[in-house]
Each structure stands twice: as structure tokens, then as C-alpha cells.
Amino acid sequence: MSGLLFSLSNTVLATASNGHSGLSLMQILMIVVPSTLLWAAPLVFTSLGGVFSERSGVVNIGLEGLMVIGAFSSIVFNLTFSDTFGSATPWIALLVAMAAGAIFSILHAVAAITFRADHTVSGVAINLLAVGLTMFLVKLIYDKGETDIIKHSFGKVDIPILKKIPYIGEIFFQNTYWTSFVAIIVAVIAWFFIYKTPFGLRLRSVGEHPMAADTMGINVTKMRYYGVIISGALGGIGGGVYAQSISQNFNHATISGQGFMALAAMIFGKWHPLGAMGAALFFGFAQSISIIGSSLPFLSNIPNVYLFIAPYVLTILALTGFIGRAEAPKADGVHYIKGSR
């Protein structure tokens, strides 16, 4: 995390020195937009996971724990196999994080769907278990409270061809991150699957009216398991992206509320994939401002403490302002027993 902050600070200072008399609007956008996309990417993946789970009727506040598992597994894999896979290591580690998140989410699925435990209680247990288990394993493997810094991470790139587009190319496609664009593409794919495919129709039906879905021959339990496992996979990817692009190591505070912010993005986005992506971009902007804001001319006089709490205040304001108009799937959090009314 400190390495990232140092890098961002250097970028701002270098841009400012090139501008001589201060930062122009173009220079500010060249700093803020890539930073926003960087911080938003993990939130996009994880909030999409929440959409899949809750569209199937299973409340999943365990997104934080799923991100923790993804971050831990990706960092451990990266450290172990960096010499073997070289620059491809972060991408392969994301697949490992995806698998780890999917497997870990089965615990929530079994508790909430099969044993009909309270979804909120099960999600809290997932969060607590994830932190406790990963820190135990870190201590066991590395004999200290955190892992080493990874050698291969998701670094800044210039997108070929697109970077040459006047103005837009400089803002969006230079000094940016591949993971940010992958997250946006996955959000569009998630929208297509949920709203344009038979699988998505079945998933939404068991979250809106499971009894009607059951009478149509849809296996409610199986579809809900699918929703939770997909949620775990995307949450694991979100954690892996965060760990390998922002923190670059793993400890007990690596995720520190990112999963809950992704949950807020899902609600703010009205349980819609594209809405969740938009909300995640908004929260990503708030987080990026909290990091680089003190180096920007129009925010330089604001005390750092206010910038640091800004993302959380904006999250609260967003939810209190829009939650009344956002309706969850009707059967979200409601247990379904076959044959009951």
C-alpha cells in the first residue's frame, strides 16, 4: 500500500513540475481518472458477485470475507510461483483467487440454503472466519503477521492504439491498468447473462418468486447455489485484484472494508450489474481522491483527515439518499421450502 501511495505521489509531482504554473484540467484528469479506475476495479468485481447472489435470493454480506480469501490466495500463489510464471503470475493468481472464493462461498451456500440459517448471520460468520483463517495461515507459512511484497504485480500500462486517441487516449488509456477494463467488460457480460439468457431468467425468477419458478420446473436450490458460488468467484477476483494492484502484500488490514463498500455499491446500483459498476466507479473516485486529493490544487487546503473519511461519508450519503428508491429482489433473504406456501 505504501508503495502505491509513493508511486501516485510521484506521478502528481511529476505532472505538476511539467505544468510549471500548476496543474491544468487535462493534467488533473490524467491523474484522477486512472486512479479512480484502479480503486474501482476490485469493487466492480465484488459488487457484481453480490448481484448474482442476491438476484438468486441469497443475501451475501460475506463479500468482505470472500475478498479476504481472494487476496490471501492470490498473494500466496504469487509469492510461491513468481519465478515459475514470471510476468503472467498475477493473472494466474487471479484464477486461483477465483477458485478459492468460489470454494469458500460454498460454506455460505450450505448454511443459508441447505440448512436455512439466517443469511446475515452466515455472512458475518464468513467474514470472521476468513480473517481468522487467513491470518492463522500467514503466521503458519511465513512466521510473521504479514506476507512479503510480491515481485510481479499489476502495473501501469498504455493501451495500444487507444492511447493515441486525442484527449481521450491520454486520460483513459495511458498510465492505466488492464484490470480496470477487464472489470468493466465483466460487468457488461454479467448484465448480458442476467438479463438476456435463459440462465439469467431462471436466476432472477428464484430471487423474485421461487414458488412460481419451482412450478415451472426450475430447481430453486441449484440456482441459488449457482448464484452464491458465482458471487464467491467474483469476490475472490476482487480481492485478488486489490491485493496485487494496490496493497501488493497481505495482512489482516489488507481489505479493510472494501467488501462492505462493494455491498454498498450493489445496493446503490439497485441490484443491477451496470448500476453496481457505476456505483463502484463513484466509490473508486471517492477513494482515489482520499489518496491523491491533498496534491490537487482545489483540494490542497483540506485537512487530510477529511479526505480519508470522504469515501465512507459518501457511501453513507449515497445509501441514505437512494436506498428508499432501490428495491431488492422480493425473495431476497427468504428461505424456500419445496411444497410450502
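Projecting the Cα positions of LEU317, VAL110, VAL182 onto the charge dipole of the chain (unit charges on Cβ atoms of Lys, Arg, Asp and Glu, taken about the Cα centre) puts VAL110 furthest along the positive direction.
If you bin all the Cα-Cα distances of the chain at 20 Å, starting from zero, the percentages per bin are 31, 55, 13, 0. Taking a Cβ cut-off of under 12 Å around ILE194, the surrounding Lys, Arg, Asp and Glu residues balance to a net charge of +3, with basic ones at +1 and acidic ones at -1. The charge dipole of the chain, taken about the Cα centre with unit charges on the Cβ atoms of Lys, Arg (+1) and Asp, Glu (-1), comes to about 740 debye, rounded to the nearest 20. Sort out for me the Cα centre separation of the stretch 248-287 from the stretch 192-231, rounded to whole Å. Between the Cα centre of the stretch 248-287 and that of the stretch 192-231, the gap is 24 Å.
With loop membership from DSSP and a limit of 15 other Cβ atoms within 10 Å, the longest segment of the chain without chymotrypsin sites (Phe, Trp or Tyr not before Pro) is 168-341.
Shape summary: the stretch 44-134 maps onto an equivalent ellipsoid whose semi-axes, from the alpha-carbon gyration tensor, are 27, 13, 9 Å in decreasing order. Taking the Cβ of SER245 as the center, what net charge do the other residues with Cβ under 15 Å away carry, scoring Lys and Arg +1 and Asp and Glu -1? Spelling it out: positives minus negatives among the neighbours equals +2.
Couplings for the stretch 197-208, taken from phi via the Karplus curve 6.51 cos²θ - 1.76 cosθ + 1.60 with θ = phi - 60°, read 10, x, 4, x, 5, 5, 4, 5, 5, 6, x, 9 Hz in order; Gly and Pro are left as x.
The phi-based Karplus calculation (6.51 cos²θ - 1.76 cosθ + 1.60; θ = phi - 60°) puts the 3J(HN,Hα) values of the stretch 150-157 at 6, 8, 10, 10, 7, x, 6, 9 Hz, whole numbers, x for Gly and Pro.
Over the stretch 114-191, the pair-distance histogram of Cα-Cα distances with 5 Å bins from zero comes to 3, 11, 11, 10, 11, 14, 13, 11, 9, 6, 1, 0 percent, rounded to whole numbers. Note on the stretch 158-234: percent of Cα-Cα distances in each 10 Å bin, starting at 0 and stopping at the bin with the largest distance, equals 17, 32, 20, 16, 12, 3. Given the -39500 (n - 2.57) contribution per DSSP H run of 4+ residues, what per-residue ellipticity at 222 nm results for the chain, rounded to the nearest 500 deg cm²/dmol? Mean residue ellipticity, 222 nm, calculated: -23000 deg cm²/dmol. Coupling constants for the stretch 164-181 follow from the phi torsions by the Karplus curve (6.51 cos²θ - 1.76 cosθ + 1.60, θ = phi - 60°), and in residue order they are 8, 5, x, 6, 4, x, 5, 7, 9, 10, 10, 6, 10, 10, 4, 4, 5, 6 Hz; glycine and proline get x.
Over all other residues within a Cβ to Cβ distance under 13 Å of ILE31, the charged ones net out to 0, with Lys and Arg as +1 and Asp and Glu as -1.
Every read-out reported here was derived from the displayed coordinates using simple, explicitly stated rules and does not represent laboratory data. Predicted model only: the values in this text are computed from it and were never measured. Heads up, the Cβs are rebuilt from the backbone with ideal geometry, glycines too, and the neighbour counts pull from every protein chain shown.
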